[in-house]
1. How are the Cα pair distances of region B:103-346 distributed, in percent, across 5 Å bins from 0?
2. What FRET efficiency comes out for B:Thr211 versus A:Thr369 if R0 is 35 angstrom and r is the Cβ-Cβ distance? Round to the nearest 0.05.
3. Taking each residue of A:341-353 in turn, how many C-beta atoms of other protein chains fall within 10 Å of its C-beta, and what is the average?
4. Only residues of region B:24-49 count here: report those whose backbone N is under 18 Å from the spot 7 Å along Cα→Cβ of B:Lys63, or say none.
5. Counting just the Cα atoms, what span does chain B cover along each of its three principal axes? Round to the nearest Å and put the largest first.
6. Just report the Cα centroid separation between region A:310-350 and region A:358-384, whole Å.
7. For region A:102-183, report the convex hull volume of the alpha-carbon atoms normalised per residue, in Å³, without decimals.
8. Non-local amide H neighbours of A:Ile477 (under 5 Å, H modeled in plane, Pro and chain starts lacking H): which ones?
Amino acid sequence: MRIELRGVTKRFGTFTANDSIDLVVEPGQIHCLLGENGAGKSTLMNVLFGLLNADEGEILINGEAVSFANSGEAVRRGIGMVHQHFMLVPVFSVAENVVLGFEPTKSFNRLDRRAAAESIRSLSTKYGLDVDPDAIVEELPIGLQQRVEILKALSHDAELLILDEPTAVLTPQEIEALMAIMRSLAADGKSILFITHKLKEVRAVADVITVIRQGKVIDSVSPTASEGELAALMVGRDVHLTVEKEAAVVGDDVLELRDVVVRDDRGVAVVNGVNLTVRAGEIVALAGVQGNGQTELAEAIAGLRRVESGTITLRGRNISNLSPREILDDGLGHVPEDRQRDGLVLSMSIADNLVLNTPRRAPFARRGTRNLRAVQENATTLVERFDVRTRSIDATAGSLSGGNQQKVIVARELSRPLSCFMASQPTRGLDVGSIEYVHRQIVSQRNEGLGVLIISSELDEVVALGDRIAVMFQGRITGIVDPSASRETLGLLMAGATESANV
Amino acid sequence: MSDTSTRSWKQRFLEASPLRLTAYAMIIGFVLGGVVICATSPVVLNSWRHIFSSGTGIFSALKVSFDHVGAAYRAMFTGSVLSPQLFWHSMTSGHGWDQTMTPLSETLTYATPLLICSIGVGIAFQTGIFNIGANGQAILGGIAGTAVGSMIHCPAVVHVPLTLVAGILGGVIGGLVPGLLKAYAGAHEVIVTLMLNYVINAFLAYVLLSTALQQPGQSNGLSRTIDSSATLAPIFGTASGLRVSYGIFVAVAVVFFALWLLDRSSLGFEFRITGANPHAARASGINPKFVVVTAFAVSSGLAGLAGVVQMQSTTHYIDSGYLIGSAGIGFTAITVALLGRLRPMGIVWGSLLFAALGVGGRSMQAATGIPLDLATIIQSIVVLFVASPVLIQEIFRVRANAQAVQLATKGWSA
């Protein structure tokens, strides 16, 4: 299917989210829409999918002008969308989810489960989308849930598939698998619109790249463009993809983990005897494929998960199984992995979020009564210092883009007196400009003598930031290497080979 | 996804221009109430049956309808707020103020305990706790207050505060049970509080027949009367006949306390963080057990206070019908708290509205014969529409709140 957007404009009040956008997707093409958070990518896709009405411009399918009053009409015209947040019924099986709304039935309107499962199997084999039709969706890993969404779109005979930030939630392996699926779909003649802000993926999979910035199409480029060029187009200026930093001036041990064992919610020991030391003035980057215990380890350090055995020492004091309050007061700065779930209260103001974990501390409160003026002054200072882009400190945290939400958390944590700073996936889902900013902040804190622990599944980030890189695999540290170590070495460690065998 | 949709629902519910929506909801409530009046009145129905028999039939039918509805609402207004005639009479002659002010006094008398209880429920809601047991807690407050008011004898300066504190403590006892069970055993507070209401109703029946509390010489469920030193006296004296009591100052104090707690105190900030996002609360070092127990204590303490104020300012004793059935302010309080969008000032207006509809409904019933249930219908419609702002927006084509639109679109990514 050939789809064309001509002069599509969408305004919200005085704000123009899409400004006269022209875009053509050819059949069998993987067309990538690249842009920062808030550039207008999602708005454009919502217009295309019939969720929003364009104020100006038109949409043409195979040369014929169309307009969709709702997403149902878009689906009937062969457009399928996989949202960033999945729209699945968690307790239903894969087959039930895929046929939902278009169920095949036997006599007396009984659901024909066999036919449903059969149609999924045939789609699965055709495109290499391997999923068990009888599996319950909530029990599947995120990567497979996404496949269910893709299957759902395909089962409605989608000819154009819109993938909105599909890789944001995936592990590197899952991303590889998704790309293979995208290629096989394109080979079959399906058109794919792939929305992302990750440069590497774009270059790996796209046929054409369209960069949008502040609601406008900036340029269409081929995937041979360098990452630097793409980044510059995206943010409108030159971006440093590597972090500039001097050699670490290392001090005393600040965070020490000894034989730490942590269990996950199912009772499995997912952290199984971790030993790690973070010293003042250095950044230790904990690398590893997601799901190897890093999340649980970070939670244990922050006091959010029980330490089964072993000790966690912060500045010489054993903090294992202390309450989160005591650990925060002992000077652990913590940027949680899931910022919207654990780091912010989206319905509260930026000012309140900036004192979220110091509600009783002077000068923000005295004898149980909050000093709102101090809270406001604190917010004004931090918003400026950390370059949080917002119209007001009283705006809700939920009104901020992902990058600015992360800046609020980083600002809050770094504005407290700290002895160690721990950040989980500090730049996940952020655009290039915000990543650069957060990285610079982390490095400057380390230069001032703070011990920093970064937990990240992005290899680029680990290599760029870390003074030492610890690799975690199946609950253990498989090796601690220098950032100059080759990617192969890191890859092998991440796959479970031990350091002695490879370095 | 379910997460996003509940958040946006809550967001809209708590933030969509509240005054306007409530005003619209009231208009709809009264209009639909008028339709119900017409549809249930034989006189009105009869007039509509004859609209074709004469040229002016439709006009006379309309007139009958409007007269009927007008009379009902006039009775409701004069019975709960002010009668213009009486007011004019008092203004010109300087006499009869007591009679003129009686409706307002009655409304305030009913509103006082309701307001206190609703604020208690609202604070719990803001913490993410559904305290369905406010009624039981209010009853426990009433029992404790009656005990202290009737068994201890001391001057009013000591006795009144002592009785109020007893009421608060009685409520807190009722609230700590579900609070501790939730914090330490993970019991769901809705089930525990709901069921405790029945337990407490039975307990009330039991203590009213105990030698300690039962009125001497009585065989049915009726408590001793509290000492006059323990009562909240009518502000304008007993001779005026105006029942509005010093309890109203307790209510005002509660409103100020709630404003401070929610907007200015560290504890209230922790309550609201926990209510809005329990995960972030825990990660921020807030102890969820502490918050659950203290929020329950505050909420149920206010419920208990409502119960004791009700008893101290009106009956001065409790009987087997105390806060039972339609008198159960603890249940109305849930509705009022939602109507007031969980904010203290909103709850002030909500409880005044509900008290006025209740008091006015009784006058309407006396004056026009239209049953009191009409007031309940109007209350229900108002709440229904306030709780569903989207519906109101559709009906009145209110320009949708820009924030809500953005939220809906941002849900997909960002």
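1. Taking every Cα pair in region B:103-346, the percentages come to 1, 7, 14, 19, 19, 16, 11, 7, 4, 2, 0, 0.
2. On the way: r = 47 Å, r/R0 = 1.33.
The computed FRET efficiency comes out at 0.15.
3. Working: counts 6, 7, 5, 5, 11, 6, 9, 6, 0, 0, 0, 4, 3.
Per-residue shielding by partner chains comes out at 5.
4. The answer is B:43-49, whose backbone nitrogens lie closer than 18 Å to the label point.
5. 74, 70, 40 Å, listed from the longest principal axis down.
6. One Cα centre to the other: 19 Å.
7. On the way: hull volume 8.4 nm³, N = 82.
It comes to 102 Å³ per residue, whole-number rounded.
8. Amide H neighbours of A:Ile477: A:Asn275.
Taken together, the values in this text are just the output of simple stated rules run on the coordinates, not laboratory data. Every value quoted in this text rests on a predicted model; they were computed, and no experiment measured them. When we count neighbours, we look across all protein chains shown, and the Cβ atoms used for this are built from the backbone with ideal geometry, even at glycine.
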